[in-house]
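Quick notes on the structure that follows.
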Amino acid sequence: MLFHTTVRRELARSFGATLVVLLTIVLTMMLIRTLGMAAGGSVAPQDVVLLLGYMALSHLPTLLALSLFIAVVATLGRMYRDSEMAIWFASGVSLSRFVRPVLRTSWPVLVVIGLLVLLVWPWGNRMTVELRERYQQRSDLSRVAPGVFQVSRDGNRVFFVERDGENDATRARNVFVLSNDERRETVVSAHGGHIDNNSDPERRILVLEGGQRNETDRSDGTLTLSRFDTYRVVVDEHQARTAQERAPKTMPTLDLLRQPGPRQLAELAWRFGLLLGAGNLLLLGIGLSATNPRRASNWNLLFALLGFVVYYNLINLSQAWVSGGRLGLAGALLGLHGAALALALGLLWWREQGATARLRLRGSRA
């Protein structure tokens, strides 16, 4: 049918253009943020592109939902401004008949949003956290570049080493370690050293060989000088993260369903809410796209964007309420998204009945 073909073709074209623009803007912002994290030492510089990909996948469901919403409002709004809607209405096509071509065009995107939210979203967040933690949990000695002073993660030690060989990262020569705490300041220098990983699996220990240790007591300024053949320094402590400590946004959807705690239910409310919200926004977009062709303005698009921001913030607010125990999962989904669906259907009915009433009024005057 010509009506369905025209609407679907223009809607798909508008959706593709909007998605490209939004992706370009968001990827540029995320790239700047990721480069800042790499410069600040939060992630490894070689992992910037990989981290950017994970972050893009995490934000893609929201971008797809927003692109669909803007495409519906922009496409139907243009048809209002160019008086195409007046022609369709005069031909007996009501506003509610636009729901079918819009849904037929959008259902593949809604399926992709569902897969991204339920499967890819937790995986991308988990990989992002693992990248950052893997970089942060490196030993202090492995962070040190040969010939460069390097501060430890806790800021209490300064290292300087010269690697003994490029192929063996566990050995070093000419080691210098400055340690500070509330009671003393210690300076240790040694001709060589190596990392011991076998004595304690929870710690990485630097074994220094042939050096001296200068210790200054901060309370009275006493200086102690000692020489040693072997000296052991703890340079890293591994902390295992249990499944219960994992953030809910990194957990698969099935695991959230198996562990229905407040935080897990809140995450489920957000995931299901984003999918339901994407469907409700399509109906809201049809009702919000109406505009007066005699007014050259885009107020309907601005109001639509404001409505998206409010709806998205309400989804986040419902997540906080579920996490705090104020609402249950069913109450949050039915309350917020049921109300949004009722509002979308009411707006659609009001637009349709208003157009019918105006045509009847004009016919009675004629």
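The values are calculated or read from the model by the stated rules, or taken from the named source; none is laboratory data. From a predicted model like this one, the values you see are computed outputs, not experimental measurements. FYI the Cβ positions are ideal-geometry reconstructions off the backbone, even for glycines, and counts take in every protein chain you see.
Between a first residue in segment 120-138 that is of a type in the set (Asp, Glu) and a second residue that is at pLDDT 85 or above, which pairs have beta carbons less than 9 Å apart while being 6 or more apart in sequence or on different chains?
Glu130/Thr250
Quick check: anything in segment 216-234 basic (Lys, Arg), part of a loop (DSSP other than H, G, I, E, B) and modelled with pLDDT of 70 or more?
yes
Between Ile286, Ile315, which is β-branched (Val, Ile, Thr) and at pLDDT 90 or above? Break it down into steps so the answer makes sense when it comes.
Values: Ile286 fails: at pLDDT 90 or above.
Only one candidate qualifies: Ile315.
Working only within segment 258-284, note down all residues that are small (Gly, Ala, Ser) and closer than 13 Å to Leu334 by Cα. Outline the logic, then answer.
Filtering segment 258-284 for residues small (Gly, Ala, Ser) gives 261, 266, 269, 273, 277-279.
Matches in segment 258-284: Ala269, Gly273, Gly277.
Sort out which residues of segment 245-263 are surrounded by 12 or more Cβ atoms within 10 Å (Cβ to Cβ), of a type in the set (Lys, Arg) and either touching a Cys at 6+ places or on another chain (Cβ under 6 Å) or over 12 Å from Leu118 (Cα atoms) (or both), and write them in order of number.
Arg246, Arg263, listed by residue number.
Results for (1) more than 30 Å from Leu306 (Cα to Cα); (2) among the small types (Gly, Ala, Ser), shown as yes or no for each residue.
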{"site": "Thr34", "(1), (2)": "no, no"}
{"site": "Met37", "(1), (2)": "yes, no"}
{"site": "Val43", "(1), (2)": "yes, no"}
{"site": "Gln46", "(1), (2)": "yes, no"}
{"site": "Ser58", "(1), (2)": "no, yes"}
{"site": "Pro61", "(1), (2)": "no, no"}
{"site": "Leu64", "(1), (2)": "no, no"}
{"site": "Leu76", "(1), (2)": "no, no"}
{"site": "Ile87", "(1), (2)": "no, no"}
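Please pick out the residue among Met85, Met37 that is modelled with pLDDT under 80, part of a helix (DSSP H, G or I) and buried (at least 21 other Cβ atoms within 10 Å of the Cβ).
Met85
Looking only at segment 155-206, filter to residues that are within 27 Å of Ser219 (Cα to Cα) and assigned to a loop (DSSP other than H, G, I, E, B); which one of those is modelled with the lowest pLDDT?
Gly155
Only residues that are part of a loop (DSSP other than H, G, I, E, B) and touching a helix residue (DSSP H, G or I) at 6+ places or on another chain (Cβ under 9 Å): list them for segment 40-67, please.
Gly41, Ser42, Val43, Ala44 - these are the residues of segment 40-67 that are part of a loop (DSSP other than H, G, I, E, B) and touching a helix residue (DSSP H, G or I) at 6+ places or on another chain (Cβ under 9 Å).
Specify which of the listed residues (Gly16, Gly77, Gly53) is free of Cβ contacts under 8 Å to residues at least 40 places away in the same chain, small (Gly, Ala, Ser), under 19 Å from Leu281 (Cα atoms) and assigned by TED's automatic domain parsing to the domain that holds Leu119.
Matching residue, one of Gly16, Gly77, Gly53: Gly16.
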